[in-house]
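This report refers to the structure that appears directly beneath it.
The values are calculated or read from the model by the stated rules, or taken from the named source; none is laboratory data. Please read all numbers here as calculations on a predicted model, not as lab measurements. Cβ coordinates were reconstructed from backbone atoms using ideal geometry, including for glycine residues, and neighbour counts include every protein chain displayed.
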Amino acid sequence: MAVAKGVAPAPVAQAPAGLPTGQAGKSNGMAVAALVLGIIAVLLMWAVWPGIIVGVLAIIFGAAGLSAAKTTGVGRGMAMAGLVLGIVAVALALLWFFVIAALIGSFFGGLIGGTGIEGIQNTIETLSQWTPGGSY
């Protein structure tokens, strides 16, 4: 491209000093994944199994993110947050599972043979008398 005589070339646009130039810094993908999975696990813990599965994934990615943070120096906080959220989600999902199981068990235990130790004994006795194709 020829420049006309006596005309200066157009200046090249540059970012002002102190502003980022668009180059990405270091990142820790495992730590980001752990944090995202940990948040999702806490939200899904009410659905028990999805909460446990995603929580375990958050724990795994959190541990991997902490390991990567030692070498890169980036993402330790996110990895730790994902790890903690994953542990909390798994613990609360298991607690929720046992609460629901106890509620269902007490409901159906009352229908079959009562509640408490006597209910368990009555249920065992009733089920031991059952034969395939027969009735109670």
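Miscellaneous remarks
- Selection within region 1-33: residues that are within 30 Å of residue 57 (Cα to Cα) and loosely packed, with under 10 Cβ neighbours inside 10 Å. The member of this set that is modelled with the lowest pLDDT is 24.
- Condition met for residue 42 (modelled with pLDDT of 95 or more, out of contact with any Phe, Trp or Tyr (no Cβ under 9 Å at 6 or more places or on another chain), surrounded by 12 or more Cβ atoms within 10 Å (Cβ to Cβ) and more than 22 Å from residue 68 (Cα to Cα)): yes
- Residue match in region 78-98 (condition: out of contact with any Phe, Trp or Tyr (no Cβ under 8 Å at 6 or more places or on another chain), of a type outside the set (Lys, Arg), closer than 30 Å to residue 129 by Cβ and modelled with pLDDT under 95): yes
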